[in-house]
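Dumping the structure here so I can ask a few things about it.
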Amino acid sequence: MDVSFLLNGESIALTGVDPTCTLLEWLRADRNLTGTKEGCNEGDCGACTVMMIDTDRRVAINACILLLPQLQGKSIRTIEAISAPDGKLHPVQDAMITHHGSQCGFCTPGFIVSMAVAHANGDKDAETALSGNLCRCTGYAPILRAARAASDMPVPEWMSDPSLPETPAEPLIPETAQSLADLYFANPDATLVAGATDVGLWVTKGLQKINSPIFLHQVAELNNVTQTDAGLRIGAGVTMDQMLLLMTDRHPSYAEMLRRYGSVQVRASATLGGNIANGSPIGDNPPPLMALGATLHLRQGNRRRDLVLEDFFLDYGKQDRAPGEFIEAVTVPDQPDRLAVYKLSKRFDQDISAVCGAFNIVVDAGQVSKACIAFGGMAGIPKRATAVENVLIGRPWNEDTIAATWDAWESDFSPLSDMRASADYRLTTARNMLTRYFIADIGGAVDLKEVTA
Amino acid sequence: MTHAKPLPHDAARLHVTGAARYIDDIPTPRGTLHLAFGLSAIASGRILAIDLSMVRAAEGVVAVLQAEDLPSACDCSPSAHDEPLLSDGTLHYIGQPIFLVVARSHLAARKAAQLADIAYDKTSPILTIADALAANSRFEDGPRIWERGDPFPAISDARHQLDGSIDIGGQEHFYLEGQAALVFPQENADMVVHSSTQHPTEIQHKVAHALHLPMHAVRVETRRMGGGFGGKESQGNALAIACAVAAQATGQPCKMRYDRDDDFMITGKRHDFRISYQVGFDDQGQIAGLSFRQYARCGWAQDLSLPVCDRAMLHADNAYYLPTIRIESHRLRTNTQSATAFRGFGGPQGMVGIEAVMDQIAAYLGLDPLDVRRKNYYNAPSKKGRRRTPYGQIVRDFALHEMTDRLMDTSHYMERRNAIYQWNAKNPVLKRGLALTPVKFGISFTLTHLNQAGALVHVYQDGSISLNHGGTEMGQGLFQKVAQIAASRFGVGIDLVRITATDTSKVPNTSATAASSGSDLNGMAVAAACDTIRSRIAAHLAGKYGGTPRGVIFADGRVIAADANLSFAEAAQSAYEARVSLSSTGFYKTPKLKWDRLRGAGRPFFYYAYGAACSEVVIDTLTGEYRILRADLLHDAGASLNPALDIGQVEGGFVQGAGWLTMEELVWDNKGRLQTHAPATYKIPATGDTPPVFNVDLWDAPNPEATIYRSKAVGEPPFMLGISVWSALQQAVAATGTGQVHLNAPATPERVLAAVERVRDGN
Ligand SMILES: Cc1cc2nc3c(=O)[nH]c(=O)nc-3n(C[C@H](O)[C@H](O)[C@H](O)COP(=O)(O)OP(=O)(O)OC[C@H]3O[C@@H](n4cnc5c(N)ncnc54)[C@H](O)[C@@H]3O)c2cc1C
Ligand code: FES
Ligand code: FES
């Protein structure tokens, strides 16, 4: 494949690229740019963080699971170009020295890049901006101090973004939905690559060859968000950081869950379509989308069809998606916000859910008029708690009703035990999440994040 | 004086610009080869048949080696010669290296390593403590037992008795830079080894041994590690030996770095422990007799398990006087990764045992746990009695009474305790907990001969100083501290001092940078070397300008001898021209140590370092989730060599310790396969896990022992401040009902919820 992009301001035009070569491997091995580190090679530690500049945004991203074709048309800035060409340090670099933010230093380039991105974006929530960068030495306190100290300093002039390169057409990186539809229809065995936060790991950890990949990131329509009569139509290519913004006012609890989805780096890559299409039982978007009654828009060639989201998930590893068919968009119906999403994991931030519960319960005159409850982590697929919903609907909204759902949970779910949680724990907490929803609804204190010392 | 200044890390600028070089960043010549191990898929048994033809045929593969292709057994063990580089046909854990792939790229080597076809003869593995006890599978012939007095009558005669046990999980080091080595073959069959290791001399020794070379034929260099934490004390041996063997076989430079998942699967971790206890105490909670049984899962090879388990026994008292005590320590051999050194080296596990006892006694008597802790503290130096540890060493400078007072005051312990009590009464779902716990940690290697260090210092004729010592830099700031010492000795600014990579050809026969001893030992050795050169310069200048050598002053970059006032460079130049040697070695060995590990008696430690931590948490009783709300730490670094670097160790140690006891969970399946072998499933603390209110202070009192500038070691002790988080979680759980709190570690949300349910149900 042929790929063109900017690296630290320099135009790069690669031909005959191995589409599974990661940016990290290329930087370190081909370019001798060894400032960007490999800590895990799977998107979890942030040591490989680089800055990616696109037409409308500037993000921190993990180079270890970014495949070279995903760079098409973008500009990349690595740690080597965070200080000025004459060696003058960026304010975040100065602050990290002053505040003793590095010990062994191995995590530091990744932190510096994440900090520089947040700094350039005027993002002052250092804790969130840096939650995708692991440090084993410092305990983070000095790093957070450094980020806060630098946040009011002006962005240095050498950090201004260059204009993005012209990209010659590359057939495997389609730019319109029509060309994608045609290409995929003609090559139904191809692998679609969106954010590659799953596919990247097939390469770096599964050591797999990717069968004729088709890269989706340049398909304009997939990134569209439109308000329709049926609700908010969100393109499959919309990434989690954009999704978070979309949900902030509509469904704040959904947005708060997304704030804990992966890390800034992962959220800047991972797409809504990928999170649904992979059929994972622990994907975090399907439960809230199912609770909101979302519709999936699928397309195969020129044939389009709509599906209620839960019908897409047939069985573990099996979805209702034909060869050559792809997800175009998801529509979330407009509705008053009654949604609460609870993501349960060993670590609060940047951890895969052991259980993710989404509750959308409408109460009219003291009675439950509608209950839409969906879970991840409780079955081989994201799944509605239909039996529980049936117990709730039509009953008074009180503790007795919550208690009355006890047995229904077991008819809805028989979860598995794994390294994240035991089956018992999953079932107990799923039940307790309903209690939490109820107590929160009547004004009780249930949110850990609201407690301060 | 340059020491005691809060200077930044010597490589800070290199770190923040990405210019600091780690092993994988060292430019390599064309033709450098890359290695990967093929790993065992079974925990116990034998290889029946092995077909590596697909591996050999894979793209980019240059050679594939099995045990019989090696020049020797290539033992990797730091202790018992029980770790052949490649399996001799018997298999001891899932992840054990069976064969070695040499290929043209890292990726090619990894890919090829997947292609082996191996038939196994499986036997049933010994995985758990129960399995090991049932099979009497252990290191040493039986448990180690240390006793003082007979605790059993003391327990039964005491007013109250309790017994119980706690499981304490292990911990993956998760140094951000994985294990790595790079070997350049030289003329004469010599080898130059670059290794990410805490112990270059051990690497040199093991590589020389593997290749049947004298140690002088192997030079090991370590500029820095991207984190070590004990995980690079012995675990780097295999990579360095593999590279050296492959370099010898191919004549090419060879590099090996573990992919993160391989690093998890192959290398050792912190020992997990079960500690059971029986204790007798009075109405105030003062202990009369205590008996501990410590069971450690050591994994398949001995590695450093014996001294680790010794140190767990040595910290079974933590800060408490135990009039009668018995400690029985079982070092169990299991078919899992060979557990290894990890910050604290068994001390933390031993300490959690006694802290669990303190919390249980307090809960039983309905007392504030801090009152019970203080009741049992060793006596202050001013008081007689209650100062002898179970192994006989006298605790001479027990600072924890004053430190606890100060911390209670600055953390507002009493007010907050009461406020939390009231808050909990009003909140049915969320509960808060507060705990203040102490740390007393013994400083010195318990293997006495390791307590030595060497240094090499050169002063050049332009007055610049080059410094080398046996310690390694893994982020702790050792190089900067030692450079500050040298600068102070010569009375010059730090910019005149250049610290060079640790190198076995400059300083030989070094000990691992471990046991928190780095600056104590190497600082002293460097000071000795500097002093030798300084006296030579002084003698020369006194001879030239008059006065006595002792009267020559080195300060503020000047050297003053009688009426002459020279810059340091002029002094060096003058000495050089007078044919005075400006190069010297320095040597130090820790005094006063005397230790009999079999009897558990003597003085294993030169001194103790102290600390105290007060942590507050909030838990959610519906899911067991929790947050740390605030932590106040007070730590004793003696007269700090560099307060900024020391505070960094305290903050980082606390978070790492809290991680160990909370979210960091290692899970093996029933076949012995580690399930949490990547950061996707093994979670170390992230930014959000740092306490939002985090106050850290140093207890700045000079070490009564004559250490370098009266400082104290600070690498390991703060790790155990994290125990306060676990104890605070227990307090929060206790607030949910009347039952007995029992919270194993790591206290994952799942374990917290289970503990809440038991307390609620009143059992
Ligand atoms: C460090 C890390 C943290 C993570 N944390 C979370 C988390 O907290 N919660 C969570 O739910 N997930 C998490 N994930 C998983 C991952 O982010 C998601 O599954 C992600 O949404 C996948 O999206 P993607 O765009 O990266 O998909 P890709 O990796 O590009 O593709 C995934 C799959 O979807 C297919 N696909 C992609 N787009 C389409 C389309 N439009 N139509 C049809 N098929 C398509 C691909 O062919 C592939 O099979 C994490 C992953 C990493 C690496
Ligand atoms: S190397 Fe860890 S996120 Fe990329
Ligand atoms: S400084 Fe060592 S991992 Fe961050």
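Where a number appears in this text, it was derived from the coordinates with a stated rule and is not lab data. Please read all numbers here as calculations on a predicted model, not as lab measurements. No Cβ is skipped: glycine too gets one built from the backbone with ideal geometry, and neighbour counts run over all protein chains shown.
Taking 8 Å as the Cα distance limit and 6 or more residues as the minimum spacing, I'd like the relative contact order of chain B as a percentage.
This gives 15 percent for chain B.
Round to the nearest 0.05 the FRET efficiency obtained for B:D556 and B:K384 when R0 = 60 Å and r is the Cβ-Cβ distance.
For B:D556 and B:K384, the calculated efficiency is 0.80.
Among A:N211, A:C356, A:A190, flag the residue with its Cα farthest along the positive direction of the charge dipole of the protein assembly as shown, charges on Cβ as +1 for Lys/Arg and -1 for Asp/Glu.
A:C356
Counting each pair of different Cα atoms once, what's the Kirkwood radius of chain A in Å, rounded to one decimal?
So the Kirkwood estimate lands at 23.2 Å.
Turning to a different aspect of this structure: Please report the relative contact order for chain A, taking Cα pairs under 8 Å with a sequence separation of at least 6, and give it as a percent rounded to a whole number.
12 percent
Show that you can apply the helix-only estimate: for the protein assembly as shown, add -39,500 (n - 2.57) for every DSSP H stretch of four or more residues, divide by all residues, and state [θ] at 222 nm to the nearest 500.
That comes out to -8500 deg cm²/dmol.
Helix A:141-150 versus the longest principal axis of chain A: what angle, 0 to 90°, nearest 10, using Cα atoms?
The helix A:141-150 is inclined about 70 degrees to chain A.
Continuing with the same structure: What is the magnitude of the charge dipole of the protein assembly as shown about its Cα centre, with +1 placed on the Cβ of each Lys and Arg, -1 on the Cβ of each Asp and Glu, and no other charges, expressed in debye to the nearest 20?
The calculated dipole for the protein assembly as shown is roughly 3180 debye.
Work out the mean other chain Cβ neighbour count within 10 Å for the residues of A:37-50 and drop it here as an integer.
Per residue, the number of nearby Cβ atoms from other chains is 5 on average.
Any idea what the relative contact order of the stretch B:521-606 is, in percent, if you count C-alpha pairs under 8 Å spaced at least 6 apart?
Normalised by residue count, the contact order of the stretch B:521-606 is 31 percent.
Given R₀ = 30 Å, what would the calculated FRET efficiency be for B:A706 paired with B:A73, taking r from the Cβ atoms and rounding to 0.05?
0.10
Pull out a ≥ b ≥ c, the square roots of the eigenvalues of the alpha-carbon gyration tensor of the stretch B:508-563, then state rounded if a/c is under 1.5, prolate if not and a/b is larger than b/c, and oblate in the remaining case.
prolate
I've got another one for you. Would you be so kind as to identify which of B:G543, B:A57, B:Q731 lies farthest towards the positive end of the dipole of the protein assembly as shown, taking Lys and Arg as +1 and Asp and Glu as -1 on Cβ and the Cα centre as origin?
B:G543
Hey, how many Å between the Cα centroid of the stretch B:595-613 and the Cα centroid of the stretch B:89-154?
30 Å
Tell me, how many Å apart are the Cα centres for the stretch B:372-433 and for the stretch A:415-453?
33 Å
Which loop-located trypsin sites (Lys or Arg not before Pro) does the stretch B:11-41 contain, where loop means any DSSP state but H, G, I, E or B and the Cβ has at most 14 other Cβ atoms within 10 Å?
Those that pass, being in a loop and sparsely packed, are B:R30.
Oh, and also: Let me know the charge dipole size of the stretch B:71-150 about its Cα centre in debye, to the nearest 20, where only the beta-carbon of Lys, Arg (+1) and Asp, Glu (-1) is charged.
With Lys and Arg at +1 and Asp and Glu at -1, about 540 debye.
Continuing with this model, one more query. What is the mean number of Cβ atoms from other protein chains located within 10 Å of the Cβ atom of each residue in peptide B:469-477, rounded to a whole number?
Counting Cβ atoms of other protein chains within 10 Å of each residue's Cβ and averaging gives 3.
Exactly which trypsin sites (Lys or Arg not before Pro) in the stretch B:605-696 are in a DSSP loop and have at most 13 other Cβ atoms within 10 Å?
Of the trypsin sites (Lys or Arg not before Pro), not one in the loops of the stretch B:605-696 has a Cβ with at most 13 other Cβ atoms within 10 Å.
Sticking with this one: Treating the beta-carbon of each Lys and Arg as +1 and of each Asp and Glu as -1, no other charges, what is the dipole magnitude of the stretch A:1-168 about its Cα centre, to the nearest 20 debye?
460 debye
Shape of the stretch A:244-367 from its Cα gyration tensor (a ≥ b ≥ c, root eigenvalues): rounded if a/c is under 1.5, otherwise prolate when a/b > b/c, or oblate?
Verdict is oblate for the stretch A:244-367.
Moving on. What does the structure give for A:341-347 when I average, per residue, the other chain Cβ atoms found within 10 Å of the residue Cβ?
So the per-residue partner count for this stretch is 6.
Let me ask you something else. For chain B, just give the cysteines left without a disulfide-compatible partner, judged by no other Cys Cβ under 4.7 Å.
B:C74, B:C76, B:C298, B:C309, B:C530, B:C614
Sorting B:T123, A:T405, B:T197 on the 10 Å Cβ count, fewest up front, what's the list?
B:T123, A:T405, B:T197
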